[in-house]
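What follows is a set of notes on a single structure, which appears directly below.
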Amino acid sequence: MSSPFAYRHSPIWAQELFISAKSSLRGMMREGRAFEAAVARIRESQWWPEQELRDFQLRKLREIVESAAHDVPYYRDKYRPLALDFDELQIPGVLANLPLITKSDVREGGRSLISEKRRGPLFSGSTSGTTGAPLSLFQDLAAVNRENAFIWRQLAWAGLRRGDRRAWMRGDMIVPATQENPPYWRVNRAENMLMLSSYHLSESAARAYVDSLAGFDPVVIQAYPSSIGFLATWMLNTGFRYGGNSLRGIVTSSETLSDARRREIESAFGCRVFDWYGQFERVAAIGTCEQGRHHLLSDYSYVEMLPADDGLFELVGTGFNNVSMPLIRYRCGDLVRPAPAGERCACGRSFPLIEEVVGRVDDSIKLPDGRSVGRLDHLFKGVEGILEAQIRQDRLDALAMLIVPSPTFDDRTREILQSNVRYRLGDEIGLEIQLVDSIPRTRNGKFKGVVCNV
């Protein structure tokens, strides 16, 4: 939730009116006729038998590859030497001959990845991902609606129906970072949602957070694992019990959820945790069913698995959502451990089972006033001139930001980063920006975006 000057200095009732109005406008875009049609389709496709899902994937792959080869300049140039014959094209066998693409390729390709036959307006978005390096993509309205339909299907698996109360504790700036006392939440009446700040969690504020959740009594909570996990750990350590009566599930996403943290959250709140895996690029999705099993959603995209070490596989996805800027054979960089071949879930769905999703596990930072803040990639969102970045904390009152700069990094980039830190974390913590040639990896070669040594 963006917080312009007028919002930050308005009374609570006006802030809630602003949130609701903005949410209503967003809902008009994300939940139109295309959304309702997508909801109906994927309500059926979740129960398709394996062969029907496979046939669907092959049809979509053929459409996407053929369209990209003719209408998308980037793929037209890449595929021309392959002399693809679409009358004889064997899907998915031909995929092995198509080049893999990476985040760097997409960043360099830019607008050449946009279809010349796109229809309607395109909506731009950007992410810093796990490394601080920005990536900008465009999607059409149909892609926005289809993505939202899959999110709502996951919420339905967790027990939420349209119109039910839900709570939201993710990266939105609900209240100013400098606010020192509750309430750290606002009510979004347009969506019947309690929105809580993930930037004000502390030992002293934990009970107020839990009481506000119990008072609103949501059916489902959507949260970062680090945010809801902080409250769960506090509850278990203090013996404080959650007082809500309606909670059916907690949906986590955007961070890696460990088994230990899942157990803590489920024990503290007395309900199942439904973890959702997705990415900004929208080329693969993994949801959690009512039985608590991870499913690779084969009606969402086509996913190949590249062998890695220790029985793990890297996800390589071809998205079905966004025909206006298709990503074909995109290397996600994330690893999974599939369930044994042929294993089926008691829920009755034919989606492949995933035993483990392996992603990054970043530290949370600690602020001088006692707050604990995780998921800090918002600090880099929309910032240009960065190839890679890491946040390090060795003192309670200061952060170091290690940045591998691109040629466009300049004083303006520094100013934006300083401003973003003050906006989201407040004025009590300093920031030192260090330009470096490379970011050190862990012993097993993995990148860690946030390292806290306090």
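Structure summary
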quantity	calculated
For the stretch 241-302, the fraction of alpha-carbon pairs in successive 10 Å shells from zero, as %	20, 48, 24, 7, 0
Compactness relative to 2.2 N^0.38 Å, alpha carbon Rg of the stretch 318-454	1.35
At R0 = 35 Å, FRET efficiency that the Cβ-Cβ distance of S246 and R207 yields, to 0.05	0.95
Carbon + sulfur, % of accessible area of the chain - ligands and nucleic acids excluded, 1.4 Å	49 percent
Descending principal axes extents, the stretch 208-328, alpha-carbon based, whole Å	48, 35, 23
The chain - accessible surface per residue (Å², probe 1.4 Å)	46 Å²
Ranked packing of 247-257, 173-183, most packed first, by mean Cβ within 10 Å	247-257, 173-183
Proximal lysines relative to K366, as straight alpha-carbon distance under 18 Å, when same-chain residues fewer than 8 apart are discounted	K448
Two-decimal Rg/Rh across the chain, once Rg and the Kirkwood Rh are taken from alpha-carbon atoms	0.95
Label-to-label distance, nm, for residues given as E63 and A214 (7 Å Cα→Cβ offset)	5.0 nm
Degrees, to the nearest 10: 225-238 long Cα axis against longest axis of the chain	40 degrees
Computed label-point distance, nm, for sites I416 and E50 using a 7 Å Cα→Cβ extension	4.8 nm
Segments 271-278, 45-52, 433-440, 61-68 sorted - mean Cβ within 10 Å per residue, highest first	271-278, 61-68, 45-52, 433-440
Proximal charge balance of R186 [Cβ under 13 Å; K/R count +1, D/E count -1]	0
Point-to-point label distance, A341-S438, nm (Cα→Cβ direction, 7 Å offset)	3.8 nm
Isotropic mean projected area of the C-alpha convex hull, the stretch 125-195 (nm²)	7.0 nm²
Angle in degrees between helix 141-157 and the longest Cα principal axis of the chain, rounded to the nearest 10	60 degrees
Segments 282-294, 401-413 sorted - mean Cβ within 10 Å per residue, highest first	282-294, 401-413
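The values are calculated or read from the model by the stated rules, or taken from the named source; none is laboratory data. Fair warning: this is a prediction, and the values are worked out from it, not measured in the lab. No Cβ is skipped: glycine too gets one built from the backbone with ideal geometry, and neighbour counts run over all protein chains shown. In case anyone asks, the SASA skips ligands and DNA or RNA and just uses the protein heavy atoms, side chains included. Shrake-Rupley method; radii C 1.70, N 1.55, O 1.52, S 1.80 Å.
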